[in-house]
Amino acid sequence: MSKKPILGDAYSTAPNRPAEGWLADLKRTRQSGPFMSDRHAHDMGLSTRAVHAGTHDDPRTGAVGTPIYQCSTFILNEDQYGAVEDGYARDRFIYSRYGNPSQWAVQEKLAALEGAESAMVFSSGMAAITATVLALVDKGAHVVAASDLYGGTYNLFNQEFPTLGMSATLVDSYDLDAIEAAIQPETQLLYFEVITNPVLKVVDIPGLVAIARRHNLRLVVDSTFAPPPVMRPLELGVDVVIHSASKYLNGHSDLIAGVAAGPRKLIDMIWPRLLNYGGSLDPHACFLLERGLKTLPIRMRAHEESATALAKFLEGHPRVEKVLYPMLPSHPDHARAKQLMKMGTGNVTFFVKGGDSAALRLLDHLHLPKQATSLGGVESLISLPFNSSQATMTARQRAEIGIHPGCVRLSVGIEDAADLIADFEQALAAIAPVKEPTHA
Ligand SMILES: *Cc1c(COP(=O)(O)O)cnc(C)c1O
């Protein structure tokens, strides 16, 4: 959208290095974060932002799309030396772990999609989560978090935290009273997932925001299961939103990446952790993520369309016990889903009659969905929590979080609904209970 040259643009919006360093610093904090283009696309619709925000055509050759800046380091000039000296290295290109034009491009697109001042990409969702959490707490800190967190995040709070002299209380994310009661004088952060895995609870984010405000705490949410345009948690008052970009944001099951987005002040606090822990995203992965993001809104519409049709089909099938899809009236959180979610996603969880052995047979008879964990890819992915994501839990622990025998975790891709329905129809027919041989 911008006709200005890429580097000239970045440099012209940042103050020239003036003699009075502190004055420049005051000016700098009024900017919304490293970016390369004019911010025109940020005022437009989400699909327009997905295509145009952050993306920068190559000024030298006219090549369309952001070039891949596959470099580890940048030629130092007086401006860079000055930036290092005066402490605003984040706003210059110096070394790719610190920042790279390919990262800035995708960060700007992500910020525009989330409605954030600033965004930062990482080499994985877990890198985003660990850097963000550890940037926002001090030694001795206590965190209140959900009891059914993503496994890696659970391990951060349960295994890493004690070794760092920190602690966490894990609470049912439905139970706002218990969440508030778990807050201690040392509590510094609330950490929750907006839609939980695999039972797809829709968490009361406005309720959590109210608790965070009452106690003057920061609220960080993992919105991997509800990317924009499904939900934009910053608009609901959340402080920082995190995603595993390996899922819907990239959408093609071909990279691992993470993002944290929020006010520039907080994202700037996370940056030193990115430098110290080293989880920066490779320029080529930035290119893939930027390309994936261009179709995010249109992909989400396709995910929703196929998932809705398939969920309705499964709900009416005699071999299916129960279907959990927040956009269907049968989901326990349907009312909240209608209030907080702009649209559905591709995640459908269901329970087949006949328990885990029937579920295993179902997977073997399906042709289209690939048996794999993860979610949010253009291809349908299917797995059973009992032998994959929640395999280390006991059957009782699984039952406590709603994973009963026969539970199937399905991420509906963007395939035609009719083909998916036909595939499930034949596979469910094939797992019909074997009749006991009758002796004539
Ligand atoms: C996958 C996932 C993560 C971890 O992301 P990686 O990119 O695999 O590091 C975190 N949270 C949720 C909800 C996830 O699904």
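Taking the condition of being within 15 Å of the ligand (Cβ to nearest atom) and open to solvent by less than 30 Å² (accessible area, probe 1.4 Å), how many residues in the stretch 125-139 meet it? Outline the logic, then answer.
Taking the stretch 125-139 as the starting set, the residues that turn out to be within 15 Å of the ligand (Cβ to nearest atom) are 125-133.
From what's left, open to solvent by less than 30 Å² (accessible area, probe 1.4 Å): 125, 127-129, 131-133.
The qualifying residues number 7.
Taking the numbered list (1) more than 22 Å from residue 201 (Cα to Cα); (2) away from the ligand (no atom under 16 Å from the Cβ); (3) polar (S, T, N, Q) in turn, residue 169 passes all entries but (1). For the stretch 238-249, what are the residues that are of a type outside the set (Lys, Arg) and either open to solvent by 20 Å² or more (accessible area, probe 1.4 Å) or within 13 Å of the ligand (Cβ to nearest atom) (or both)? Within the stretch 238-249, 239, 241, 242, 243, 244, 245, 246, 248, 249 meet the criteria.
Restricting attention to the stretch 295-331, report how many residues are of a type in the set (Lys, Arg) and farther than 18 Å from residue 346 by Cα. Show your work before the answer.
To start, the set of residues in the stretch 295-331 that are of a type in the set (Lys, Arg) comprises 299, 301, 312, 319, 322.
So of that shortlist, the ones also farther than 18 Å from residue 346 by Cα come out as 319.
Residues meeting the conditions: 1.
In the condition set (1) in a loop (DSSP other than H, G, I, E, B); (2) within 12 Å of the ligand (Cβ to nearest atom), residue 192 is compliant with all but (1).
Restricting to the stretch 52-76, count the residues that are touching a residue at least 24 places away in the same chain (Cβ under 8 Å) and acidic (Asp, Glu). Qualifying residue count for the region: 1.
Taking residue 252, is it within 22 Å of residue 291 (Cα to Cα) and open to solvent by 40 Å² or more (accessible area, probe 1.4 Å)?
Yes, satisfied.
Just to check your reading of the model, which residue among 366, 360, 375 is closer than 23 Å to residue 228 by Cβ and out of contact with any His (no Cβ under 6 Å at 6 or more places or on another chain)? Break it down into steps so the answer makes sense when it comes.
Details: 366 fails: closer than 23 Å to residue 228 by Cβ; 360 fails: closer than 23 Å to residue 228 by Cβ.
From the options 366, 360, 375, the qualifying one is 375.
Restricting attention to the stretch 128-163, the residues being over 25 Å from residue 229 (Cβ atoms), in contact with a Gly (Cβ under 7 Å, 6 or more places away or on another chain) and in contact (Cβ under 8 Å) with a residue 60 or more places away in the chain number 1.
If I filter the stretch 212-230 down to residues being within 11 Å of the chain's Cα centre (by Cα) and part of a loop (DSSP other than H, G, I, E, B), which single residue comes out as farthest from the ligand (Cβ to nearest atom)? Please lay out each step first, then the result.
Kept after step one, since they are within 11 Å of the chain's Cα centre (by Cα), are these residues of the stretch 212-230: 221-228.
Subsequent filtering for residues that are part of a loop (DSSP other than H, G, I, E, B) retains 223-228.
On the way: 223: 8, 224: 4, 225: 6, 226: 10, 227: 11, 228: 15 Å.
Going through the qualifying residues, I end up with 228.
Could you list, in sequence order, all residues of the stretch 140-155 that are buried (at least 20 other Cβ atoms within 10 Å of the Cβ), of a type outside the set (Val, Ile, Thr) and within 10 Å of the ligand (Cβ to nearest atom)? Scanning the stretch 140-155 gives 149, 150. Would you be able to say whether some residue in the stretch 353-373 is in contact with a strand residue (DSSP E or B) (Cβ under 6 Å, 6 or more places away or on another chain), open to solvent by less than 70 Å² (accessible area, probe 1.4 Å), modelled with pLDDT of 95 or more and within 16 Å of the ligand (Cβ to nearest atom)? There is at least one residue in the stretch 353-373 that is in contact with a strand residue (DSSP E or B) (Cβ under 6 Å, 6 or more places away or on another chain), open to solvent by less than 70 Å² (accessible area, probe 1.4 Å), modelled with pLDDT of 95 or more and within 16 Å of the ligand (Cβ to nearest atom).
The values are calculated or read from the model by the stated rules, or taken from the named source; none is laboratory data. Predicted model, so just to flag it, every value in this text is computed and none were measured. Neighbour counts run over all protein chains shown; Cβ positions are idealised from the backbone, glycine included. Remember, those area values only see protein heavy atoms, side chains included, never the ligands or the DNA or RNA. Shrake-Rupley method; radii C 1.70, N 1.55, O 1.52, S 1.80 Å.
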